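For reference, the structure discussed in these notes is given below.
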Amino acid sequence: LEFRRVLFRSNSRGVHRKIIKDLLPTEEDLAVYGAGWEGLIDKKYIKGEHIPNEKLRKAYSSCKILLCDHWDDMRDKGFLSNRLFDGLACGAFIISDNVKGAEDVFQDAVMTYEDPGELQSLIGYYLDNETERIRRAKVGLNSVRKQEIYQKRLENLLKIIYLE
């Protein structure tokens, strides 16, 4: 597996993903892992279809920036991607599309963007500012640990399922 400065791990489902569409083309050292990317993006970015679960922590913690995005319905309804929680739990620095509720849960640990220009600026800034990137990653890691977010998410899901 090749871990690069900028990592995106997600399937395309045969359509452009927002963050990748907003980023490409790029001169950044980008690695995309996931199925269905052939024919959608330049093959130089595609590094594989899968990262085994036992290697995810290393992948997330070794990249400089982990990218995350959400499907439109998830973004609009504030359904936060598991990648945000998983990445922060690994100590990753994350840039995501702007999803409702992210700031409430993660404070300033996850950087969000609105348009392609802002995404490019954030990537450039945080690749050049390691101290600030590491500080935000630590804030995110501590946030996930302190809030026991996984337990709370499970409790909320159970409430929804059982209509309590």
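Can you go through Phe79, Phe93 and tell me which one is open to solvent by 90 Å² or more (accessible area, probe 1.4 Å) and either within 19 Å of Ile19 (Cα to Cα) or among the hydrophobic types (A, V, I, L, M, F, W, C) (or both)? Walk me through how you get there before you give the answer.
Details: Phe93 fails: open to solvent by 90 Å² or more (accessible area, probe 1.4 Å).
Being open to solvent by 90 Å² or more (accessible area, probe 1.4 Å) and either within 19 Å of Ile19 (Cα to Cα) or among the hydrophobic types (A, V, I, L, M, F, W, C) (or both) holds for just one of Phe79, Phe93, which is Phe79.
Can you tell me which residues in the range 107-123 are over 13 Å from Lys18 (Cβ atoms) and among the polar types (S, T, N, Q)? Scanning the range 107-123 gives Gln107, Gln120, Ser121. For beta carbons closer than 6 Å, sequence separation of 6+ or different chains, a first residue in the range 54-68 that is farther than 16 Å from Glu130 by Cα and a second that is among the hydroxyl-bearing types (Ser, Thr, Tyr) and surrounded by fewer than 23 Cβ atoms within 10 Å (Cβ to Cβ), the qualifying pairs are Cys68/Ser81. From the list Asp86, Asp72, Asp42, the one residue that fits, being among the acidic types (Asp, Glu) and under 23 Å from Ser143 (Cα atoms), is Asp86. For the range 14-61, the set of residues classified as within 16 Å of Leu88 (Cα to Cα) and open to solvent by less than 60 Å² (accessible area, probe 1.4 Å) consists of Leu56, Ala59, Tyr60, Ser61, listed by residue number. Name every residue in the range 8-47 that is over 20 Å from Thr112 (Cα atoms) and part of a strand (DSSP E or B), in order of residue number. Tyr33, Glu38, Ile41, Ile46, Lys47, listed by residue number. Can you tell me which condition Lys55 does not meet? The list is (1) assigned to a helix (DSSP H, G or I); (2) modelled with pLDDT under 90, and all the others hold. Failed condition: (2). Looking across the range 66-104, just one residue is part of a loop (DSSP other than H, G, I, E, B), modelled with pLDDT of 95 or more and among the aliphatic types (A, V, I, L, M), and that is Ala92.
Residue-level check: of (1) open to solvent by less than 40 Å² (accessible area, probe 1.4 Å); (2) modelled with pLDDT of 95 or more; (3) part of a helix (DSSP H, G or I), Met111 misses just (3).
The values are calculated or read from the model by the stated rules, or taken from the named source; none is laboratory data. Note that the structure is predicted; figures quoted are calculated from it, not measured. Methodologically, a virtual Cβ is constructed for each residue, glycine included, from the backbone with ideal geometry; neighbour enumeration extends over all protein chains shown. Side chains are part of the model used for accessible areas, which takes the heavy atoms of the whole protein and leaves out ligands, DNA and RNA. Shrake-Rupley method; radii C 1.70, N 1.55, O 1.52, S 1.80 Å.
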